[in-house]
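Please treat every number below as a calculation from the coordinates, not as lab data. The model shown is predicted, which means the values in this text are computed figures rather than measured ones. Positions of Cβ are generated from backbone atoms using ideal geometry, with glycine treated the same way; all protein chains shown enter the neighbour counts.
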Amino acid sequence: MSQLDLAVTDELLATTRSIRRKLDLERPVDLALVDQCIELSLQAPTGSNAQGWRWLVVTDEKLRAGLADIYRRGSATYFAKQAEALAGDKGSQNAKVYSSAQYLVDVLHRVPVHVIPCVRGRLSDNAFANASMYGSILPAVWSFMLAARARNLGTVFTTLHLNLEAEAAELLGIPPKFLQMGLIPVAHTDPSVFRPVSRQPLDTVRFVDRWPTD
Ligand SMILES: Cc1cc2nc3c(=O)[nH]c(=O)nc-3n(C[C@H](O)[C@H](O)[C@H](O)COP(=O)(O)O)c2cc1C
């Protein structure tokens with residue numbers, strides 16, 4: 001393998017964003033592109049090399065409408081609380097995320113592809129087991145989103161439909177021994193939307209050797 005181009009790699013890592021408003025709702029997505037992204041995601045690590053992942057790619061119009069309805073109902077309480085918390089706050093990063101997330105609720109049924117990553121297992125009260133299960137799908141999820149971004153496909157990792165996980169499982173025939181990790185809307189997008197954003201400064205989140213005392 002040749003030496004990776006660091007500038008390109010770093011740009012991919014620094015600019016892969018949650019895309020909602022700029023998802024192209026009219027342009028169909030070639031499933032071969034989605035398959036490429038899933039195939040790359042299968043290179044991600046899994047605990048004990050279990051590879052218990054399953055990827056449900058939903059294109060059927062009625063099923064997407066059903067998922068969008070579940071997402072809307074599953075997110076209602078969260079959005080009501082957010083609206084209260086952000087009352088009067090218009091310009092902050094969080095207020096923008098909230099408004100963009102609400103937009104997604106309204107258009108989710110029109111996003112051409114919904115991807116539901118699943119993993120074999122259910123939650124338990126054991127931290128090791130839970131970390132192993134989540135850790136055996138979320139790295140793959142992020143790989144999927146990075147691969148999509150490299151193909152100018154917009155994605156956003158969402159979890160709000162999981163408030164009604166059983167309803168989605170029933171709609172799509174997902175067996176109870178598999179846990180859904182989220183719902184990723186996928187659509188073409190304008191590459192100019194991929195930009196770095198401001199985050200917490202490194203010094204405030206990275207400690208060396210010992211946890212700081214104050
Ligand atoms: C665990 C997790 C759950 C999320 N759930 C949702 C969701 O249900 N709906 C949504 O619109 N965005 C969701 N997001 C996206 C976040 O809002 C987004 O990552 C965050 O605002 C930062 O924006 P960025 O990804 O563009 O940097 C989720 C992200 C994570 C990591």
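So, R0 is 25 Å and r is the distance between the beta-carbons of Asn126 and Lys177; what FRET efficiency does that work out to, to 0.05? Provide the component values of the computation, followed by the final result.
Numbers: r = 17 Å, r/R0 = 0.68.
Calculated transfer efficiency: 0.90.
Can you pull the semi-axes for the chain, root of five times each eigenvalue of the Cα gyration tensor, sorted largest first, whole Å?
Numbers: eigenvalues 128, 110, 96 Å².
Taking √(5λ) for each Cα gyration eigenvalue gives 25, 23, 22 Å.
What spacing in nm lies between the two simple spin-label points modelled at Gln3 and Tyr78, each 7 Å away from Cα in the Cβ direction?
4.3
May I ask for the distance between the Cα centers of the stretch 125-144 and the stretch 41-89, given as a whole number of Å?
16
Run the Debye formula on the Cα coordinates of the stretch 22-106, all scatterers equal and no solvent, and tell me log10 I(q)/I(0) at q = 0.18, 0.22 1/Å.
-1.00, -1.07
At q = 0.12, 0.17, 0.23 Å⁻¹, what is the base-10 log of I(q)/I(0) for the stretch 102-214 according to the Debye formula with one equal point scatterer per Cα and no solvent? Please give it to two decimals.
So the normalised log intensities are -0.61, -1.01, -1.30.
Mind telling me which of Asp203, Asp35, Asp106 comes out most flexible in a GNM of the chain, alpha-carbon contacts under 10 Å?
Asp203
Under 4 °C and 1.567 mPa s, how fast does the stretch 111-167 diffuse according to Stokes-Einstein, given a Kirkwood radius computed over C-alpha pairs? Answer in µm²/s, whole number. Each step should come with its number before you reach the end.
Values: Rh = 13.1 Å.
Taking Rh from Cα pairs, D becomes 99 µm²/s.
With a point put 7 Å past each Cα toward its Cβ, work out how far Ala95 is from Ala150 in nm, to one decimal.
Output for this residue pair reads 3.8 nm.
Quick one: net charge around Val107, please, counting Lys, Arg +1 and Asp, Glu -1 for every other residue with C-beta under 15 Å from its C-beta.
Residues close to Val107 contribute a combined charge of +2.
Take every Cα pair under 8 Å in the chain that's 6+ residues apart, average their separations, divide by the length, and report that relative contact order as a whole percent.
This gives 36 percent for the chain.
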